[in-house]
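The values are calculated or read from the model by the stated rules, or taken from the named source; none is laboratory data. Source: prediction; values computed, not measured. Positions of Cβ are generated from backbone atoms using ideal geometry, with glycine treated the same way; all protein chains shown enter the neighbour counts. SASA here: full protein model, heavy atoms, side chains in, ligands and nucleic acids out. Shrake-Rupley method; radii C 1.70, N 1.55, O 1.52, S 1.80 Å.
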Amino acid sequence: MRDVAVIGIGCTKFGEKWESSFRDIFVEAGALALEDAQLSGEKIDAMYVGNMSAGRFIGQEHIGALIADYAGMATRHIPSTRVEAACASGGLAFRQAVIAVASGMEDIVVAAGVEKMTDVESDESTDTLTGAADREWEGFMGATFPGLYAMIAQDYIHKYHMTREQLAQVAVKNHYNGARNPIAQFQNEITLDTVMKSTMVADPLRLFDCSPVTDGAAAVIVAPFERGREFTDTPIKVLASAQASDTIALHDRRDISTLDASVAAGQRAFKMAHLTQKDIDMVEVHDCFSIAEICAIEDLGFCRKGEAGKFTADGETALGGKIPVNTSGGLKACGHPVGATGIKQVCEIVQQLRGTAGKRQIDGAKIGMTHNVGGTGATVAVHILGRV
């Protein structure tokens, strides 16, 4: 297996992009990544594209071919593959690109993610996203993702006595970070009072505990690490790539407030990289809801079970804390175009490791982690990247 490096990144601004089409935004992200790597499209050997549900959101399937076509690569007949794993689609697309280069099958590969979610009414987008759960045993019974994560939150609060204020601090912190990220959907700070008084969505989760419906695309380019400096002065090495699965239905889990797939993927990644939690300088976790971040930092081992609420409220996950979490603003403030999120997380870590993250920069950052979740934890992808 060859060592792999990220040599280029590109990300559109996230938000409600009424002026742009699905095709516009993935072409924009890809062009930004090519420009960043100082590459022409003729050098690309393959593409892997994370996309959850273009068929429902915009009525378009056959996404791999569509993107190859509109990216100007169809005439070269390169392989272009859509990767679908619900909200973990981007993370798995990145993993497939890494595997392709590490195996020697390909040399220069694009990993991208894209979703255009705002072209349908809110009830239709909610139903589409429910397809990431168990449609027969959850969706047909009326369970949506706010409801499912509310069950996780209620279970967690019952077991570990986290306060509602501690949970709300996740959103406050992520909006603070998002206000310093020029691509974020929400670039405004909020107060604890804002979260606590926002509309109830599914008890105990309120509006400001929930990630938004978002349009956006992101792309990264990977190559053999030994060739990295042909394209950039700061190739970022992929130190680990791990994936794990669990039951798709929440009710079949051993413990609904522990995502066992997150635990497994995290452990595999640390083992592959020969690192521990103390070596990680920052982590992008999948905070589709505020409780998801609470569970994630425990499941990945950054604090003990039941202590993440206090850990967050004490500022340990803030930009200047012990382990900065979601420096991008996370899914909550940066936005959550579901197929693109896992790639955006990689873009954020690469910026941090290059030292180009601006007002949210973590000083001296050398190693970062991404954590991308599909459904309520049925699929999890974890990656560790480093500047070496």
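Report yes if some residue within the stretch 189-204 is over 20 Å from the mean Cα position of the chain (by Cα), closer than 21 Å to GLN351 by Cβ and not assigned by TED's automatic domain parsing to the domain that holds ALA111; otherwise report no. Give the steps one after another, and end with the answer.
From the stretch 189-204, those over 20 Å from the mean Cα position of the chain (by Cα) are 189-204; that's our starting set.
If we keep only those that are closer than 21 Å to GLN351 by Cβ as well, we get 189.
Now restrict to residues that are not assigned by TED's automatic domain parsing to the domain that holds ALA111: 189.
Yes, the stretch 189-204 contains a residue that is over 20 Å from the mean Cα position of the chain (by Cα), closer than 21 Å to GLN351 by Cβ and not assigned by TED's automatic domain parsing to the domain that holds ALA111.
Has the stretch 104-114 got any residue that is surrounded by fewer than 22 Cβ atoms within 10 Å (Cβ to Cβ), outside the structural domain of ASP246 (by TED's automatic domain parsing) and small (Gly, Ala, Ser)?
Yes, the conditions are met somewhere in the stretch 104-114.
Just to be sure before I move on: is THR126 among the polar types (S, T, N, Q), on the phi < 0 side of the Ramachandran plot and out of contact with any helix residue (DSSP H, G or I) (no Cβ under 6 Å at 6 or more places or on another chain) in the structure I sent? Let's see the steps before the verdict.
Details: among the polar types (S, T, N, Q): yes; on the phi < 0 side of the Ramachandran plot: yes; out of contact with any helix residue (DSSP H, G or I) (no Cβ under 6 Å at 6 or more places or on another chain): yes.
Yes: the conditions hold for THR126.
Test ALA150 against the stated conditions and say whether it is crowded, with 24+ Cβ neighbours inside 10 Å, of a type in the set (A, V, I, L, M) and in contact (Cβ under 8 Å) with a residue 40 or more places away in the chain. Full working, then the answer.
On the way: crowded, with 24+ Cβ neighbours inside 10 Å: no; of a type in the set (A, V, I, L, M): yes; in contact (Cβ under 8 Å) with a residue 40 or more places away in the chain: yes.
So ALA150 does not fit the description; no.
Quick check on the stretch 199-236: of everything there that is aliphatic (A, V, I, L, M) and without any contact (Cβ under 8 Å) to a residue 12 or more places away in the chain, which residue is farthest from VAL110 (Cα to Cα)? Talk me through it step by step, then tell me what you get.
Initially, the stretch 199-236 is screened for residues aliphatic (A, V, I, L, M), giving 200-202, 205, 207, 213, 217-223, 236.
After this cut, where a residue has to be without any contact (Cβ under 8 Å) to a residue 12 or more places away in the chain as well, the list is 200, 207.
Numbers: MET200: 40, LEU207: 35 Å.
Ranking the candidates gives MET200 first.
Hey, among the residues in the stretch 220-255 that are in a loop (DSSP other than H, G, I, E, B) and open to solvent by less than 40 Å² (accessible area, probe 1.4 Å), which one's farthest from LYS305 (Cα to Cα)?
Among those that are in a loop (DSSP other than H, G, I, E, B) and open to solvent by less than 40 Å² (accessible area, probe 1.4 Å), it is PHE231.
Give the stretch 354-378 a look and list any residue that's assigned to a strand (DSSP E or B) and buried (at least 24 other Cβ atoms within 10 Å of the Cβ), or say none.
Step one: filter the stretch 354-378 for residues assigned to a strand (DSSP E or B), giving 367-374.
Selection gives GLY368, MET369, THR370, HIS371, ASN372, VAL373, GLY374.
Going through ALA308, ALA261, ALA296 one at a time, which residue ends up being touching a residue at least 40 places away in the same chain (Cβ under 8 Å), within 22 Å of GLU348 (Cα to Cα) and crowded, with 22+ Cβ neighbours inside 10 Å?
Working: ALA308 fails: within 22 Å of GLU348 (Cα to Cα); ALA261 fails: within 22 Å of GLU348 (Cα to Cα).
Being touching a residue at least 40 places away in the same chain (Cβ under 8 Å), within 22 Å of GLU348 (Cα to Cα) and crowded, with 22+ Cβ neighbours inside 10 Å holds for just one of ALA308, ALA261, ALA296, which is ALA296.
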